[in-house]
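Novice: Below is one structure. I have some questions about it.
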């Protein structure tokens, strides 16, 4: 039904900040992966379980990257359609993923505080958390197509508000494709390059065929490269507490998705270096989906876990899948 609004009412509506939408998300636990059960080794990790997520809301999906946004398992995703999806990971008595609760969606805003106006500007692909004095203060988001990086404040565990754009090199800004700035992660205090932000591209290659990247930082900044692998490209990254870098790689082979997870030692994560990681995990086919996001966090039971998630591209035939792994001590 159409309604007529007085001009002053329209102006008042436009002046209001974008409102969050509550979303009902259901989940089912995943208890097997690559033929192994819970707490069994897979690759060089230990499988700790996972979830599949579903919602009747058409805007829920396309979860491209995930990061922690506060204590008590608060997390947020960014989506291909310019949304922040915030919620809390719930765990059962055995410290296993049980559900995603308290889910809300907020439109990502431009610097003027308005929702991003067109799809070309909405393609958020990477995200990590900016900590200040040990507190999650903001998220740093990378975008493809209209390639850029921006910070967004965290309030009550949810990112949002006007974008604060971060300066990046011109060669990155000039990459106006959907295979440009795919991954972003911030080095932790234990890292030799603590506080520096790593930007890693999907298909921007140097003269030797390796993926181009760049560090943003006060002291540790400048170009870096990452070894190119057949079939897969970097799609997200995250740091372990000790400063080692995890790179999630994703590709398609014979009409099925392929995923690799590699670990780069902390002393190799520096400007001017060609980074090459040790393979921790590889999977393809029905065991996975379009795996695009990775996060390192601590569970209620105190274990450091690697959470890897998929992006269903808003397709009914794909899954929103979360898988959790622990490192072998």
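Novice: Name the strands (runs of 3 or more DSSP E) wholly inside the stretch 40-151 in which the number of residues that are surrounded by fewer than 22 Cβ atoms within 10 Å (Cβ to Cβ) and over 15 Å from the mean Cα position of the chain (by Cα) is 2 or more.
Specialist: Strands (runs of 3 or more DSSP E) meeting the threshold: 45-54, 83-91, 97-107, 124-132, 135-143.
Novice: Just checking: which of the strands (runs of 3 or more DSSP E) contained wholly in the stretch 265-329 hold 2 or more residues that are modelled with pLDDT of 95 or more, under 24 Å from residue 72 (Cα atoms) and touching a strand residue (DSSP E or B) at 6+ places or on another chain (Cβ under 6 Å)?
Specialist: 291-298, 304-310, 320-327
Novice: Within the stretch 26-39, does at least one residue satisfy the condition of being touching a residue at least 40 places away in the same chain (Cβ under 8 Å), buried (at least 18 other Cβ atoms within 10 Å of the Cβ) and in a loop (DSSP other than H, G, I, E, B)?
Specialist: The answer is no; no qualifying residue exists.
Novice: Select from the stretch 196-211 the residues that are under 15 Å from residue 170 (Cα atoms) and touching a residue at least 40 places away in the same chain (Cβ under 8 Å) and list them in ascending order.
Specialist: Those that are under 15 Å from residue 170 (Cα atoms) and touching a residue at least 40 places away in the same chain (Cβ under 8 Å): 199, 200.
Novice: Within the stretch 225-243, which residues are closer than 18 Å to residue 191 by Cβ and surrounded by fewer than 22 Cβ atoms within 10 Å (Cβ to Cβ)?
Specialist: 240, 241, 242, 243
Novice: A follow-up question, please. Pairs under 7 Å by beta carbon, first residue in contact (Cβ under 8 Å) with a residue 12 or more places away in the chain in the stretch 270-289, partner part of a helix (DSSP H, G or I), six or more apart or different chains?
Specialist: Within 7 Å, the pairs are 275/268.
The values are calculated or read from the model by the stated rules, or taken from the named source; none is laboratory data. It should be emphasised that the depicted structure is a prediction, and the values quoted were computed from it without experimental measurement. Heads up, the Cβs are rebuilt from the backbone with ideal geometry, glycines too, and the neighbour counts pull from every protein chain shown.
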